């Protein structure tokens, strides 16, 4: 399918001369967490878009903001007013104050201001495309797969999901892989969840881009629900014409093909209904899982409340015991105080008696001494009564000698 002279039949919708695509896959980040499937996603999108007649500029691991701008300059230089311009990005993206940024693989972000200095603003791309006035601008952004940084950025509070892109050139279709506050899943195979569904539907013939993106969104939600996650692609449009990625017109039908075409249309409607039903079922399963989780939390809360009530009763019982013990302790202290006072009184009496006893003992000793003296005197008197009186010798006369 040639990239030129792509005019559709009158009922085929948009007429465009050229289809130009810039496809970027950033996976091997130097200062952020590497991504498993971004490179695969971009490579597979390049192949698919070439099949659809796009002139594709395919870039893997764009290193710097300058390299980003060079790729955008090359891309926009190929666009005119009769072009379909498509931009695809898989990699790390973030929002700051409602503005979306895409990260080169060598971006070294330490502060909030580094984000502006080293990352590319989506508004920069939008302004460049606005100046080219393409017939249709398509943006596929498969970003925000996880938190990019191990170390926090000073002054920046991380937010999951890109912000709604408020500024875009006229005639634009913007498909973000996930809504604000959600993560875009990296998938369990070769491609991320959103890009896998995009690749499965992008080559479907006779399908408008609106219907294609509805099918992609439904499939993405279903795949996310299988791993108990939520991923709701965010689609915004300011394009009013009819456009099909694989062409809106079909070859003239033979009379015997009319039934087949009718069956094919019915099958497409049935597939869309099935996808929508699966999405609703997945949403119902998610709600039921959430309900069961909430019920389990409520049961745990109820048990916790019962445990708290039981503990409160136990606490009240313990407090009553403590009050009773305090009363008993007060009575015991009063008894001890009374006993102490009685003991002190008895001790005073004992000391007084001891003092009296000592005085009595001293009196007894004094009486004993007096009795001993009396007994000695009596003995002496008795002895004197029994002995005759002694005759005293006459005094000796001393004659002095001259």
Exercise for the section: Would you mind stating whether residue 79 is surrounded by fewer than 23 Cβ atoms within 10 Å (Cβ to Cβ), touching a helix residue (DSSP H, G or I) at 6+ places or on another chain (Cβ under 8 Å) and in a helix (DSSP H, G or I)? Expected result: no
Fill in the blank from the handout: Of the residues in segment 15-39, those that are surrounded by fewer than 20 Cβ atoms within 10 Å (Cβ to Cβ), in contact (Cβ under 8 Å) with a residue 60 or more places away in the chain and over 28 Å from the mean Cα position of the chain (by Cα) come to 15, 17
Practice task
Output the number of the condition that residue 88 fails; it satisfies all remaining conditions of (1) outside any strand (DSSP E or B); (2) modelled with pLDDT of 95 or more.
Solution key: (1)
Completion exercise
(1) under 18 Å from residue 123 (Cβ atoms); (2) in contact with a helix residue (DSSP H, G or I) (Cβ under 7 Å, 6 or more places away or on another chain); (3) modelled with pLDDT of 95 or more; (4) not in a strand (DSSP E or B) all hold for residue 48 apart from (1)
Handout entry: Selected residue (criterion: modelled with the lowest pLDDT) from residues of segment 183-206 that are more than 17 Å from residue 88 (Cβ to Cβ) and surrounded by fewer than 21 Cβ atoms within 10 Å (Cβ to Cβ)
Key = 183
Fill in the blank from the handout: Of the residues in segment 40-52, those that are touching a strand residue (DSSP E or B) at 6+ places or on another chain (Cβ under 8 Å), surrounded by fewer than 19 Cβ atoms within 10 Å (Cβ to Cβ) and over 12 Å from residue 88 (Cα atoms) come to 50
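Conditions tested, residue by residue: (1) at pLDDT 80 or above; (2) more than 30 Å from residue 174 (Cβ to Cβ).
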{"residue": "239", "(1), (2)": "yes, no"}
{"residue": "262", "(1), (2)": "no, yes"}
{"residue": "270", "(1), (2)": "no, no"}
{"residue": "284", "(1), (2)": "no, no"}
{"residue": "296", "(1), (2)": "yes, yes"}
{"residue": "315", "(1), (2)": "yes, yes"}
{"residue": "324", "(1), (2)": "yes, yes"}
Practice task
Determine if segment 149-161 includes at least one residue that is at pLDDT 70 or above and either within 30 Å of residue 241 (Cα to Cα) or part of a helix (DSSP H, G or I) (or both).
Solution key: no
Problem - Filter result (assigned to a loop (DSSP other than H, G, I, E, B) and within 26 Å of the chain's Cα centre (by Cα)) within segment 106-118 - result: 107, 108, 109, 110
Problem - The listed residue being modelled with pLDDT under 95 and under 30 Å from residue 188 (Cα atoms), out of 36, 59 - result: 36
Handout entry: Odd one out for residue 101, checked against (1) within 26 Å of the chain's Cα centre (by Cα); (2) assigned to a loop (DSSP other than H, G, I, E, B)
Key = (2)
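The values are calculated or read from the model by the stated rules, or taken from the named source; none is laboratory data. Predicted model only: the values in this text are computed from it and were never measured. Glycine gets a Cβ as well: all are built from the backbone with ideal geometry, and neighbour counts include every protein chain shown.
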